[in-house]
Amino acid sequence: SITLREEIAPDGFVKATDITFTIQNTGDVQKVTMIDKVVKMSKVDVGGKEIEGAKIQVIDKDGNIVDEWTSTKEEHTIKNLIENETYILHEEVSAEGYVKATDITFKVTEDKETQHEKLIDKIVTMSKEDISGKEIEGAKIQVIDKEGNIVDEWTSGKEKHNIKNLV
């Protein structure tokens, strides 16, 4: 039997698993097809809208960054993936006003269908209101993490505030 192996996949395609086949002892032309798949990733808000400006990384099982990019309004085709391998989808820096998402682990499947992965960001808003629900202007507000670091601060206004730098 003979093994067909893809050493390097074209840019943006997943490296396919080996195909083993036997040469038939006939005069017929024998065809062997190796199909590369694509894995696309969306950076979206809870409503499904693409978010621009987040720095995203894909990390392999050894901790190496295999692809890295800044999110746009379009899906990203992940590079340097291998079928049947597991990867971590990591948001290194969140988009302005969004909460940094939790890492997601995904496995590249062997089927030859385009695979879609999503990293979803949410927003945490804060209001400074009086007892009747009217926004109060002029209060200095801080968000402090458990180590005592200020992660966001602002002066309240007429609108709710999207808290920055949350994880």
What does the convex hull of the alpha-carbon atoms of segment 82-155 project to on average, in nm²?
8.2
DSSP-defined beta bridges in the chain - what % are antiparallel, rounded to 5:
80
Grab the beta carbon distance between residue 102 and residue 7, set R0 = 41 Å, and tell me the FRET efficiency rounded to 0.05.
0.75
In the chain, with Lys and Arg counted as +1 and Asp and Glu as -1 at Cβ, which of these residues, 71, 125, 44, has the Cα nearest the positive end of the dipole, that is, farthest along it?
125
Local electrostatic count at residue 110 - Lys and Arg +1, Asp and Glu -1, tallied over other residues with Cβ under 14 Å
-3
For segment 36-167, the percent of accessible surface on carbon and sulfur atoms (probe 1.4 angstrom, ligands and nucleic acids excluded) is 46
When only the heavy atoms of the protein chains count and the probe is 1.4 Å, how do 145, 28 rank by accessible area, highest first?
28, 145
The correct pair for the chain, radius of gyration to one decimal and Dmax as a whole number, both in Å and from Cα atoms, is 23.5, 88
Cα-based Debye curve of segment 1-98 sampled at q = 0.21, 0.23 Å⁻¹ gives log₁₀ I(q)/I(0) of -1.06, -1.19
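Per residue, how many Å² of accessible area does the chain show with a 1.4 Å probe?
Heavy-atom SASA per residue in the chain reads 65 Å².
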Give me the Kirkwood hydrodynamic radius of segment 18-75, using the inverse of the mean 1/r over all pairs of distinct Cα atoms, in Å to one decimal.
15.6
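Quick check on my link table: of 100/128; 15/112; 15/43, which ones sit more than 18 Å apart, alpha carbon to alpha carbon? Working shown, then result.
Values: 100/128 23 Å; 15/112 11 Å; 15/43 23 Å.
Those over the limit are 100/128; 15/43.
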Remind me, relative contact order of the chain in percent, using alpha carbon pairs under 8 angstrom and six or more residues apart?
20
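With charges only on Cβ, +1 for K and R and -1 for D and E, what is the dipole size of the chain about its Cα centre, in debye, rounded to 20?
In debye, rounded to 20, the chain gives about 320.
The values are calculated or read from the model by the stated rules, or taken from the named source; none is laboratory data. Since the structure is predicted, the reported quantities are computational estimates derived from the model, not experimental observations. Don't worry about glycine lacking a Cβ; one is built from the backbone with ideal geometry, like all the others, and counts go over all protein chains shown. Surface accessibility is based on the protein's heavy atoms, side chains included, excluding ligands, DNA and RNA. Shrake-Rupley method; radii C 1.70, N 1.55, O 1.52, S 1.80 Å.
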